[in-house]
Amino acid sequence: ASDVYKRQGQTGLSVAFDLPTQMGIDSSSSRAAGEVGRVGVAIDTVDDLHLLFDGIPLDKVSTSMTINATASTLLAMYIVVAEERGISREKLSGTVQNDILKEYIARGTYIYPPAPSLALTAEMFRFCAAEVPQWNPI
């Protein structure tokens, strides 16, 4: 049953996150009221990601995450899920949107001011090149 995804041609998946997750707000916060799970999946903890990816072989499926301001956080959590399953970072493939400038111009779902946000984006490039080489950091 674990190879069903492959027999059916599934080699990748895309994850959309709810607004609180996109803005780094815990689902239990009053600031998240009415938005939890509304436009995507709510992720607050590594356990949430374990549940989301239950039965999905992270070393065989490329994962795309539509996420910007919290891209580095979600990727870090994704790596933890993989490593807790015995999958090394080098075997992970996928993409995070990680286009923080769009959040200032179009949506307003940024967390930090532009300079620190861009520094975090650049650091994610460096980290992925060194530690998660099959990952597209933007």
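The values are calculated or read from the model by the stated rules, or taken from the named source; none is laboratory data. This is a predicted model, so every value here is computed, not measured. Neighbour counts run over all protein chains shown; Cβ positions are idealised from the backbone, glycine included. These accessible areas exclude ligands, DNA and RNA; they are computed on the full protein's heavy atoms, side chains included. Shrake-Rupley method; radii C 1.70, N 1.55, O 1.52, S 1.80 Å.
Could you figure out which of (1) within 18 Å of Phe125 (Cα to Cα); (2) at pLDDT 95 or above; (3) surrounded by 15 or more Cβ atoms within 10 Å (Cβ to Cβ) isn't true of Ala76?
It fails just one condition, (3).
Need pairs with beta-carbon distance below 6 Å; first residue under 14 Å from Lys60 (Cβ atoms) and within region 87-100, second open to solvent by 30 Å² or more (accessible area, probe 1.4 Å); sequence gap 6+ or separate chains.
What qualifies is Ile87/Asp59; Lys91/Asp59; Ser93/Ser62; Ser93/Gln134; Gly94/Ser62; Gly94/Ser64.
In region 30-61, how many residues are assigned to a helix (DSSP H, G or I) and more than 26 Å from Trp135 (Cβ to Cβ)?
Residues in region 30-61 being assigned to a helix (DSSP H, G or I) and more than 26 Å from Trp135 (Cβ to Cβ): 3 in total.
Which of the residues belonging to region 47-58 are modelled with pLDDT of 95 or more, closer than 19 Å to Ser88 by Cβ and surrounded by fewer than 18 Cβ atoms within 10 Å (Cβ to Cβ)?
Across region 47-58, the qualifying residue is only His50.
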